[in-house]
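Notes follow once the structure below has been shown.
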Amino acid sequence: MNAEPADTPGTGRVVLLTTSHRVAPGVLSWPAWRTLRAADAVLCPDAGHPQLPYLREAGVTVGIAAPTAEELVDACAGGRTVVVLASGEGDRALTDGLARLAGSGRTAMPDLELLPGSYDLPGARLLDLVEVMDRIRRACPWSSRQTHRGLAKYAIEEAYELVEAIEDGDRAELREELGDVLLQVVFHARIAEEDEEEPFSLDDVAGGLVDKLVHRHPHVFGDATAETPEEVKEHWLRTKAAEKRRTSVTDGVPLGQPGLALAAKLAGRVRAAGLDVPLPEGEGVGHALLEAAARAEADGVDPEAALRAAARAYRDAIRAAEGHGPADGAHDGADGGDPAADGDPADGGDPADGHAPA
């Protein structure tokens, strides 16, 4: 709330100082410290505000008070500067009262300034997510009983729903499904903290990922060079092979993935390694699909996505033949639906929000 400077001399200044609970107490911007030290009075309505011990240690006298708008205006009389350390809730009554006085035109208002003492950096809401997940894990009867194995199917489900949102081009759905995938990571990491033998946290997960990304991008963080995506991929595969101590290009390829994706992944590994491995001879649909997947991979086509797109077109053709319009996207229930996806606790769904378990 930044108002124009008051025309009446001697009306003073009100500074509403806000801080973020996601930043360690005592870590304030230089303008905030300068304003606090120069103020005629510093007030805080919350006796338990986390900043108070640090302000007092720095020699800033803070009065515990929750002034009304009228009282605050009076406190600024004579050109005084009064800083109000806002509570976590934002002190809506005070700001509304100041706005009402300013709008009345009957009160000589002090200058009003909103000063961020600390503010969130990108990614700060992840701290909230960790805090919320921790509370849910401790207090929710469903979430507190979950295990890695019990949640595994949801990781697959949410990944497919994310892919579907991407293919549908639905931005709102994409944002939600990314959140559901992120929930799987945070949930598993929270469960891992409780392991008595090998515990780890989300910080450990993120730290390992940072180290991996830096190590596998020497062209960004080191002296290596890469001018094309192919050279980047070469760096990635080489460093990955060294990290994993792999002896075969097939190491690390999950056999549980869909068949076309598996075939394309193996063909890509062979091609990237420069190996000459002919496709196995044989007849039948399996060998035909293997050949098609290898050919698609060589042409830069994702055979799994291509088949999925063709299947969706086929689904629309079926619906048209039945006299229906095109399906309206993600969850049309054509496969009968999964009770867990509708939040049925008996089938593993979380009743908290009607989605499993996100």
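The values are calculated or read from the model by the stated rules, or taken from the named source; none is laboratory data. Everything quoted here is computed from the prediction, not taken from an experiment. So basically every Cβ, Gly included, is an ideal-geometry build from the backbone, and we count neighbours across all protein chains shown.
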Just the residues that are in contact with a Pro (Cβ under 7 Å, 6 or more places away or on another chain) and modelled with pLDDT of 95 or more, please, taken from the range 30-50. L43
Answer yes if at least one residue in the range 266-277 is within 18 Å of V163 (Cβ to Cβ), out of contact with any Asp or Glu (no Cβ under 7 Å at 6 or more places or on another chain) and not basic (K, R), and no otherwise. no
With the condition being assigned by TED's automatic domain parsing to the domain that holds V186, closer than 30 Å to L127 by Cα and modelled with pLDDT of 90 or more, I'd like the helices (runs of 4 or more DSSP H) fully within the range 206-303 carrying at least 2 qualifying residues. none
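Would you mind listing the helices (runs of 4 or more DSSP H) fully within the range 34-147 where at least 1 residues are in contact with a helix residue (DSSP H, G or I) (Cβ under 9 Å, 6 or more places away or on another chain) and among the basic types (K, R)?
It comes to 92-104, 125-139.
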Considering only residues that are of a type outside the set (A, V, I, L, M, F, W, C) and modelled with pLDDT under 90, look in the range 77-94 and name the one that is farthest from T61 (Cα to Cα). R92
Scan the range 90-116 and report the pairs whose first residue is within 20 Å of T19 (Cα to Cα) and assigned by TED's automatic domain parsing to the domain that holds S29 and whose second residue is in a helix (DSSP H, G or I) and acidic (D, E), with Cβ atoms within less than 8 Å and a gap of 6+ or a chain change. none
Restricting to the range 12-57, name every residue that is aliphatic (A, V, I, L, M), free of Cβ contacts under 8 Å to residues at least 40 places away in the same chain and either over 25 Å from L121 (Cα atoms) or surrounded by 13 or more Cβ atoms within 10 Å (Cβ to Cβ) (or both). A47, L52, L55
